[in-house]
Structure formats: C-alpha cells, structure tokens
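Take a look at the structure below.
The values are calculated or read from the model by the stated rules, or taken from the named source; none is laboratory data. Remember, it's a predicted structure, so these values are computed and weren't measured experimentally. Backbone-built Cβ (ideal geometry, glycine too); neighbour counts: all protein chains shown.
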Amino acid sequence: MADTVSAARRSEIMSRVRGRDTKPELLVRSMLHRMGYRFTIHGPKNKFLPGRPDIALPKYRTVIFVHGCFWHAHAGCPDHRLPKSRTEFWTTKIHENRERDRRNELALIGLGWKVITIWTCELKSVSGREKTEALLRRRLS
C-alpha cells in the first residue's frame, strides 16, 4: 500500500518519534521503582556505556534496554513488519540496528555488565507486564 501522506508530512510525523522517555521506558522505570530498585537513566553510568542503555542499575551491574519491536526487529512479533515501500532501505536500516545491538551487548558483557532486553510488545498486556516484572525480579536477585 502506498503512503497516504506527502513526503513532507511523513518526515514531520517521523521527527516526532521519541528516542528516550518513551511510554514503554516510563512503564519499566515505574515498575522498577515500585519494586524498590534504584537506577539511573541519563547519568554518568549510562552515558559512557556501549549502546547508551535506557536504564542502568549500577548496584547490580545490570543494564536494561527497552526495544521497539519495529526498530529492532523483534522476531515473530506482529509489530515488526517491513513497510511495503522502500523495502531495501528499511531492510538495511533494521539489519544495522540489530548488528549494533549485538555489538553493544557483547561489549557490555565484556565489561562485566548483565544485559536485559525488554520488548515493547511484552508491555502491552497485563499478563505481559506481570511476566516482565517476574523476569526483572529473577534477573536482579
């Protein structure tokens, strides 16, 4: 299906896609805070770590990435569908995102950090949020 808006309007819409403080990130931060964990989000522990993690828990040497299913190609997720236009561009873009994520994760592990990746689709339902909370409790204990 062709895009129904002009290129200028599409550019304006895409420019509003936020890179940080997204709803899923705020949800995970709220969850961690309720559970009693303390973390940094834009502090020195995050700023210089590979991949600039969304959340760092220095006490636990753990970082959390909250990945969008589209941008990071969540396998098997219905939220990850390639657009029908400019497929070569999007295939390359998303492949590069995944490669960068893999390199950053390996670098963090090499520095002695544990890495937790939470996908936005996992936060959509109550049961998904409960599973995510249980995962965080297990991985941070």
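With respect to being under 20 Å from LEU136 (Cβ atoms), surrounded by 12 or more Cβ atoms within 10 Å (Cβ to Cβ) and of a type in the set (Gly, Ala, Ser), ALA56 fits the description.
Looking only at residues that are among the β-branched types (Val, Ile, Thr) and within 12 Å of the chain's Cα centre (by Cα) in the stretch 17-37, which one is farthest from PRO58 (Cα to Cα)?
Taking the stretch 17-37 first, the residues among the β-branched types (Val, Ile, Thr) are 17, 22, 28.
Next, from what is left, pick out any that are within 12 Å of the chain's Cα centre (by Cα): 22, 28.
Values: THR22: 22, VAL28: 16 Å.
Ranking the candidates gives THR22 first.
Regarding the stretch 114-135, can at least one residue be identified that is assigned to a loop (DSSP other than H, G, I, E, B) and more than 27 Å from MET14 (Cα to Cα)? Working first, answer last.
First, the residues of the stretch 114-135 that are assigned to a loop (DSSP other than H, G, I, E, B): 124-125.
After this cut, where a residue has to be more than 27 Å from MET14 (Cα to Cα) as well, the list is none.
No - not one qualifying residue is present in the stretch 114-135.
Of all residues in the stretch 58-90, those being of a type in the set (S, T, N, Q) and in contact (Cβ under 8 Å) with a residue 24 or more places away in the chain number 2.
VAL115 meets the conditions (1) touching a helix residue (DSSP H, G or I) at 6+ places or on another chain (Cβ under 6 Å); (2) under 16 Å from CYS77 (Cα atoms) in every case but one. The failed one is (2). Looking at LEU123, LEU106, LEU111, LEU136, which is the one that is farther than 30 Å from VAL5 by Cα, crowded, with 16+ Cβ neighbours inside 10 Å and either within 16 Å of the chain's Cα centre (by Cα) or not acidic (Asp, Glu) (or both)? Testing whether each residue is farther than 30 Å from VAL5 by Cα, crowded, with 16+ Cβ neighbours inside 10 Å and either within 16 Å of the chain's Cα centre (by Cα) or not acidic (Asp, Glu) (or both) leaves just LEU136.
Report yes if LYS114 is under 21 Å from PRO24 (Cβ atoms) and in contact with a strand residue (DSSP E or B) (Cβ under 8 Å, 6 or more places away or on another chain), otherwise no. It is true that LYS114 is under 21 Å from PRO24 (Cβ atoms) and in contact with a strand residue (DSSP E or B) (Cβ under 8 Å, 6 or more places away or on another chain). Among the conditions (1) at pLDDT 90 or above; (2) exposed (fewer than 10 other Cβ atoms within 10 Å of the Cβ); (3) farther than 24 Å from SER141 by Cβ, SER15 misses just one, which is (1). Considering (1) surrounded by 11 or more Cβ atoms within 10 Å (Cβ to Cβ); (2) touching a residue at least 24 places away in the same chain (Cβ under 8 Å); (3) farther than 26 Å from LEU135 by Cα; (4) among the basic types (Lys, Arg), the lone condition that LYS93 does not fulfil carries the number (2). Residues that are out of contact with any Phe, Trp or Tyr (no Cβ under 7 Å at 6 or more places or on another chain) and buried (at least 16 other Cβ atoms within 10 Å of the Cβ) within the stretch 30-40 comprise MET31, TYR37, PHE39, listed in sequence order. Of the residues making up the stretch 56-106, those that are of a type in the set (Ser, Thr, Tyr), part of a helix (DSSP H, G or I) and over 27 Å from ARG38 (Cβ atoms) number 3.
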